[in-house]
Amino acid sequence: MIEKSLDLIYNKKYLVIVPTMSKDLMDAFNYSFKNVILMNNSLDDVDFMKEFINKNNFKKLIFVDYQVEYVQLINSLQVEPLIDFIFTKSLGSLTDRFIYDIFLKIEELAKKYEATVGLLDRGLYETLKKKEKVKYLLLDMEKEENVKTETEEKTIGLLNNQEDPKHSFYNELSAIKLLDDDFKAKIYNPSKTTKEFLRTFQIDYETASDCNELYENNKINLYINFAANNKIIFLKSMDRGIPCLIGNMEILDDYKYLKELLVVKSDDSIDYIALKIQEALKNKDKILKEYLKFRKDYAKKSKESIEEFLGLREETKKIDNKNELLMTVVVPVYNTEKYLAKSLDSIINAAVKDMEILIINDGSTDNSEKVILEYLEKYKDLIRYIKQENHGLGNVRNVGLKEAKGKYIASIDSDDTINIDFFTRALPYLEKDVDIVMCDWLTVTDDSNYETAALDYIFNNINRYEGLLYTTIMPSTCNKIVKKSLYQELDITYIEDKFEDLSTNPFIMLKAETIKYINKPYYEYYIRSNSIMRTKPGFSMIDILKKVDERLEKYEGYLNVSKDKFKYYTYSWRIEEYIFNQLYTITDEYIEEYVNYIYKNLKDIVLDIFNNDLYKQRIESLHDQDLKNYIKKRNSAFEKGELVKFIKKARKSDNYHKLTPPIIYYGD
């Protein structure tokens, strides 16, 4: 079940919203769907759920059964996810007017939102299956392993609802009375009427202290009913190695032997039920052997039905999740002897349990190795050292991915530092198995310090995940602690060129389902004149954006946001800042080569941005008419293949304008 808290940021394809229900059914929903949250029928919970859904990123909401509060919630959302429903009751239960009214309300809402309705009851599905948006669902549950099945107790568990007249509860009790052996019934919380029945007919029984105990240490269990559809009760008993007689439930239709021994028809007498109990006990070993075949098929069919309902059939690379440590901190080093000691001290001072520091010396030609060896001697149990020829930062990050022993990877550049509290604050979330923990930056220059938020404030009250995904520092590896398995499942590595982070980290963000955002500037980023990000990009940004677009197509299955929106926020300002704005400073002898390279590698991507509705709206919203007209003319020249001519003319007259990231994000 999803943690009902605003402490984490969720990025999931769907959220299943359930009302209060039986523990068995709740366990089945949690196991089958994973992304499940309980919604109580209170105004306070409606308010919480409204904020929870608005601030997180769910592509689809799935409402189970019906509550008036569902309608209130849907009507109050700022976001517009897809809506689906699940109805848990059976066809036979529709004889109850209250349940029938609930079913009608779900049908009404499904029609309004063009929703699919998932049905747990086969009979109801067969009745309605001609409707296009009806799906049959098989819920599954976690199979218990190594459960003791042999027992000396002569108890028979009654798993039915004793208050429901559609269940054969008293027929079962009467059948137990007919058995020759000294059997007695096991009942959970018998009602006054049940106690009177037991006393009148002198039926021996014992009570179970809770629902789980009801299943245990019995020779056989009974769940004979002809209107309910809770298959989980049957599975729960059989998984424990206790045969379970059921009413004419359809799940055993394709399993002749099991059906013959375990299914009781609606017109069978109590004598026949007693006979079935005896036959099941006699053939227990063979029943359980045949059940193993059924169980394997059932699990597969359940998974397929859930995936079809959700519209998800994604396969990720299978990986080995065994890790020696909780976290590896990768420190790339290249000629940073002046800053390295300060950087390593900050990491060591912030160290937590089950952590290693992996220093990778990428062919430094200064005294960096001398510093490294001093720290290696002093902190032998904490630091590992790899020395290699110079290959660049992208290669170093890939070596770190390969060599890290930690479940999580943090990356700290060797001329930067971190706050002493970073890892301590992150630790509880790493232990909760959160995919990514990330923080803000403290940007440090020669003249000033200023904070750079990792979550853009314009998204904070709408969709916090998008607020993290669309900030300018989103691609950075250094303000994130990332689960290594995300890279492995995507089978993705860093491009070994400048802007290597941009080639990979957007897709890690798209893959992540849970993120903890710490609104503190725990990563201390130093801007120096020789920093990679301070150098002119030249052709590198063109190459990287081309690779990002290729990967966007490859990993589109993980895209839980609008592709156009993602491209606008990820591509547009980089195209302006790192590609077009360079046209005004590049020398005349290189301008044609540079523009030809843009056309050859990025033309379709640039035109896609120009035609992006968000980009067009931003340009139209500009108050600076000169800037607006200039950008429109420049874009037209690019589309016609006349960009060189246009730029040369603008440069000659010294009459040109630039789009900056703040304009792209917030307007002028």
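The values are calculated or read from the model by the stated rules, or taken from the named source; none is laboratory data. None of the values given here were measured: they were computed from a predicted structure. Glycine also receives a Cβ, built like all others from the backbone with ideal geometry; neighbour counts cover every protein chain displayed. Only protein heavy atoms, including side chains, enter the accessible area calculation; ligands, DNA and RNA are left aside. Shrake-Rupley method; radii C 1.70, N 1.55, O 1.52, S 1.80 Å.
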Exercise. If you check Glu389 against the conditions, is it touching a strand residue (DSSP E or B) at 6+ places or on another chain (Cβ under 9 Å), touching a residue at least 12 places away in the same chain (Cβ under 8 Å), open to solvent by 40 Å² or more (accessible area, probe 1.4 Å) and more than 30 Å from Glu142 (Cα to Cα)?
Worked result: yes
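Determine whether Leu245 is closer than 25 Å to Leu91 by Cβ, assigned to a helix (DSSP H, G or I) and either open to solvent by less than 80 Å² (accessible area, probe 1.4 Å) or among the β-branched types (Val, Ile, Thr) (or both).
For Leu245, the condition - closer than 25 Å to Leu91 by Cβ, assigned to a helix (DSSP H, G or I) and either open to solvent by less than 80 Å² (accessible area, probe 1.4 Å) or among the β-branched types (Val, Ile, Thr) (or both) - is not met.
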Exercise. So which of Leu173, Leu109 is within 16 Å of Ile62 (Cα to Cα), modelled with pLDDT of 90 or more, among the hydrophobic types (A, V, I, L, M, F, W, C) and not in a loop (DSSP other than H, G, I, E, B)?
Worked result: Leu109
Problem set entry | helices (runs of 4 or more DSSP H) (entirely within segment 495-610) containing at least 3 residues that are under 23 Å from the mean Cα position of the chain (by Cα) | 500-511, 540-554, 563-567
Exercise. What pairs can you find where one residue is in segment 306-329 and within 25 Å of Leu119 (Cα to Cα), the other is open to solvent by 60 Å² or more (accessible area, probe 1.4 Å) and at pLDDT below 80, and their Cβ atoms are less than 6 Å apart, with a gap of 6+ or different chains?
Worked result: Glu307/Arg313
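One residue is enough: does segment 394-406 have a residue meeting the conditions closer than 13 Å to Tyr522 by Cα and either open to solvent by 10 Å² or more (accessible area, probe 1.4 Å) or hydroxyl-bearing (Ser, Thr, Tyr) (or both)?
no
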Seminar exercise, completed: Residue hits (segment 589-616; touching a residue at least 60 places away in the same chain (Cβ under 8 Å) and either farther than 30 Å from Glu513 by Cα or in contact with a Cys (Cβ under 7 Å, 6 or more places away or on another chain) (or both)) are Leu602
Seminar exercise, completed: Scanning segment 260-309 for residues that are assigned to a helix (DSSP H, G or I) and among the small types (Gly, Ala, Ser), the one farthest from Glu152 (Cα to Cα) turns out to be Ser305
Exercise. Out of all the residues in segment 436-455, which are open to solvent by 10 Å² or more (accessible area, probe 1.4 Å) and not in a strand (DSSP E or B)?
Worked result: Thr445, Asp446, Asp447, Ser448, Ala453, Leu455
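Just name the residue that is surrounded by the most Cβ atoms within 10 Å (Cβ to Cβ) out of those in segment 614-668 that are assigned to a loop (DSSP other than H, G, I, E, B) and hydroxyl-bearing (Ser, Thr, Tyr).
Checking each candidate, the answer is Tyr656.
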For this session: Pairs only if they're at least six apart or on different chains, beta carbon under 7 angstrom, first in segment 556-570 and buried (at least 19 other Cβ atoms within 10 Å of the Cβ) and charged (D, E, K, R), second at pLDDT 95 or above and assigned to a helix (DSSP H, G or I); list them, first residue then second.
Result: Lys567/Asp608; Lys567/Ile609
For this session: Identify all residues within segment 87-108 that are touching a residue at least 40 places away in the same chain (Cβ under 8 Å) and open to solvent by less than 70 Å² (accessible area, probe 1.4 Å); write none if there are none.
Result: Thr88, Ser90, Gly92, Ser93, Ile106
Problem set entry | Which numbered condition Ile544 fails, given (1) over 30 Å from Val434 (Cβ atoms); (2) aliphatic (A, V, I, L, M); (3) in contact (Cβ under 8 Å) with a residue 40 or more places away in the chain | (1)
